[in-house]
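The structure appears below as structure tokens.
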Amino acid sequence: MSKDTVKTTTSIGYFTEENSIETVNARMGKDVSPRLAEVMACLVKHLHSFAREINLTQEEWEFGVDFLTRTGQICTQERQEFILLSDTLGLSMLVDAINNRRPEGATENTVFGPFHVEGAPVRQMGDQICLDGKGESCLFVGRVLDLDGNPVEGARIDVWSDNAEGYYDVQQPGIQPKWNNRGVFITGPDGRYSFVGIKPVSYPIPDDGPVGKMLAALGRHPYRPAHMHYMVRADGFQKLVTHTFVGGDHYLESDTVFGVKRTLVAPFERLEHGNTLWRSDFDFVLARPEKV
Ligand code: BEZ
Ligand code: FE
């Protein structure tokens, strides 16, 4: 930035408790991207209002800075504690809701989570995805449809779940087989899918870091209700990132990341015959992209 373009004064004057928002936002340069300027001005407004409203003490501010520092320090390629923080504060679900408003009848989105892995094996309809032999086997069946009820051919359904002990394969490399409880299925002209996995179990999100400490301090448990993850992609349709939840799960109404939606609670029916113990039917209804 050249000397000429550096702002040295504002019409507001020096910073005071009363004019803090206006003073900070008046420093914004002229050539800043309009969206960046809008986002930052709003962030400053809410941050300052927050500190003012609760009379933030110096110690509390220091604690907050330390908490965020620890949150950053525990992050690695495999662990994203900031997203976990966003998830447990309900921010991820809010952003997801804002960005995935769909017409009535379309399947709702929910949080993506950290355990998806791109490149899972493409399997044949009816195949088994559980490779560790643990858990109660479950047949997952349904259709991919458009909003008029027509089958969607060529939909790519990516599925993933935890194992019977509540861990994803990527949390236990060397213990679980690679691609355990994962697979990709591509629909034919009838839009149908089917695969055999396990009836998922509820599990705690990673709670050995700052987010876990925060949850404990707030008297909150770290559990997610049992669910199967789905990502459904098809040409000409919005991408669907969702779960089906096991009806009756103890944590349905207290999911630590607020991911449950009434329409995503699926039936799990106990079967009387054969080796498969459960069956869960669920149709996915895809919406067309929004017109802009
Ligand atoms: C999950 O369902 O895999 C998940 C979602 C959010 C945070 C942690 C885990
Ligand atoms: Fe999950």
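The values are calculated or read from the model by the stated rules, or taken from the named source; none is laboratory data. As the structure is a prediction and not an experimental result, all values here were calculated from the model. Positions of Cβ are backbone-derived with ideal geometry, glycine not excepted, and every protein chain shown enters the neighbour counts. The protein model used for the area step is the full one, side chains on, heavy atoms only, and it has no ligands, DNA or RNA in it. Shrake-Rupley method; radii C 1.70, N 1.55, O 1.52, S 1.80 Å.
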*If you go through the stretch 116-133 one residue at a time, do you hit one that is outside any strand (DSSP E or B), among the small types (G, A, S), more than 15 Å from K178 (Cβ to Cβ) and within 15 Å of ligand 2 (Cβ to nearest atom)?*
no
*Going through the stretch 240-267 one residue at a time, which ones are charged (D, E, K, R) and touching a strand residue (DSSP E or B) at 6+ places or on another chain (Cβ under 9 Å)?*
D249, D255, K261
*Scan (1) touching a residue at least 40 places away in the same chain (Cβ under 8 Å); (2) under 20 Å from T242 (Cα atoms); (3) open to solvent by 40 Å² or more (accessible area, probe 1.4 Å) for the single condition V184 breaks and write down its number.*
(3)
*Give the number of residues within the stretch 102-117 that are within 13 Å of ligand 1 (Cβ to nearest atom) and surrounded by fewer than 20 Cβ atoms within 10 Å (Cβ to Cβ).*
5
*asked:* Among the numbered criteria (1) away from ligand 1 (no atom under 16 Å from the Cβ); (2) open to solvent by less than 70 Å² (accessible area, probe 1.4 Å), which one does R143 miss?
replied: (2)
*asked:* Tell me the residue from G219, G236, G247 that is open to solvent by 30 Å² or more (accessible area, probe 1.4 Å), more than 12 Å from ligand 2 (Cβ to nearest atom), closer than 20 Å to N99 by Cβ and in the same structural domain as N150 (by TED's automatic domain parsing), please.
replied: G236
_Flag for D208 being open to solvent by 50 Å² or more (accessible area, probe 1.4 Å), away from ligand 2 (no atom under 14 Å from the Cβ) and within 18 Å of Y168 (Cα to Cα)_ = yes
